[in-house]
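Accompanying notes for the structure given below.
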Amino acid sequence: MLPKPQSFYARRAKRWCDLFFSLLGLVVLSPLFLVCALLIKLSSPGPVFFRQLRSGVEGRPFRIFKFRTMFTQGRAPSSLLTASGDSRITPAGRWLRNSKIDELPQLINVLTGDMSLVGPRPEVPRYTDRYSLQQREILRVKPGITSLASVAFSGEEKLLAAQEDKELFYVKILMPYKIALDLEHCRHITLAGDVRVLFQTMGKLLRRPGGGATVIPANPVIGSTSNDESFFRI
């Protein structure tokens with residue numbers, strides 16, 4: 001079970017940091033947001049933002065902000081998962097997703113208190129409803145824009161593209177690994193730990209804007225949460 005936050009940072013200062021840096025980020029990045037909005041509208045008809053229901057703290061639902069990267073017409077929503085090469089992705093959307101700029105509007109969610117800068121990535125209720133009792137511990141922590149698992153699995157879309165049954169692979173293999181990583185981080189929430197994750201995220205984006213190739217175990221065990229280094233080398 002995740003311990004209750006003990007440090008001053010976890011109880012108070014983390015939220016103060018979220019408020020300050022999300023507001024600062026929205027102001028500084030506003031010109032980029034305007035450019036992205038224009039590209040999205042020119043690329044395909046539809047709204048600028050993609051709003052999807054996600055599970056927040058204690059499973060409370062909220063709507064996440066992302067720049068829209070998919071067509072809204074003529075493409076059936078066959079899956080909640082998106083892999084590299086998905087035909088639903090717009091021309092502008094490919095660039096937004098590869099650069100991870102599509103995630104920046106989540107600063108709005110951080111400002112409103114639904115999310116944090118660092119925390120487990122929020123899943124859709126369809127997947128959180130399947131969590132085991134142990135996995136549901138992750139819902140005691142505010143979800144974030146980036147996390148330890150986000151860094152480890154920055155090449156997730158390429159990994160999914162290689163799977164015949166993407167849904168099965170995600171639910172039975174990928175999701176348990178991600179939860180295990182984030183649970184470990186959330187057991188000891190510190191300023192140093194969050195800063196480290198933020199710098200690792202920026203480093204990953206600068207080195208590999210589109211996400212690297214993910215190496216998985218030769219014989220992955222369904223549902224395993226082993227921290228096998230070969231799995232996380234991305």
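The values are calculated or read from the model by the stated rules, or taken from the named source; none is laboratory data. Computed from a prediction, not measured in an experiment: that's the story for all the values here. Don't worry about glycine lacking a Cβ; one is built from the backbone with ideal geometry, like all the others, and counts go over all protein chains shown.
So the values come out like this:
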| read-out | value |
| --- | --- |
| Any hit, segment 141-161, residues being free of Cβ contacts under 8 Å to residues at least 12 places away in the same chain and either within 29 Å of residue 42 (Cβ to Cβ) or surrounded by fewer than 22 Cβ atoms within 10 Å (Cβ to Cβ) (or both) | no |
| The lone exception for residue 81 - which of (1) part of a loop (DSSP other than H, G, I, E, B); (2) at pLDDT 95 or above it fails | (2) |
| Answer from 43, 7 - the residue that is more than 19 Å from residue 117 (Cβ to Cβ), small (Gly, Ala, Ser), surrounded by 12 or more Cβ atoms within 10 Å (Cβ to Cβ) and out of contact with any strand residue (DSSP E or B) (no Cβ under 9 Å at 6 or more places or on another chain) | 43 |
| Check on residue 50, in contact with a helix residue (DSSP H, G or I) (Cβ under 7 Å, 6 or more places away or on another chain) and either part of a strand (DSSP E or B) or basic (Lys, Arg) (or both) | no |
| Helices (runs of 4 or more DSSP H) (entirely within segment 117-200) containing at least 2 residues that are out of contact with any Cys (no Cβ under 8 Å at 6 or more places or on another chain) and farther than 17 Å from residue 57 by Cα | 148-152, 156-161, 166-169, 175-186 |
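Residue by residue, here is whether (1) in contact with a Ser or Thr (Cβ under 9 Å, 6 or more places away or on another chain); (2) at pLDDT below 90; (3) of a type in the set (Asp, Glu); (4) more than 24 Å from residue 64 (Cβ to Cβ) holds:
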position: 132; (1), (2), (3), (4): no, no, no, no
position: 137; (1), (2), (3), (4): no, no, yes, no
position: 148; (1), (2), (3), (4): no, no, no, no
position: 159; (1), (2), (3), (4): yes, yes, no, no
position: 165; (1), (2), (3), (4): no, yes, yes, yes
position: 176; (1), (2), (3), (4): yes, no, no, no
position: 179; (1), (2), (3), (4): yes, no, no, no
position: 185; (1), (2), (3), (4): yes, yes, no, no
position: 209; (1), (2), (3), (4): yes, yes, no, no
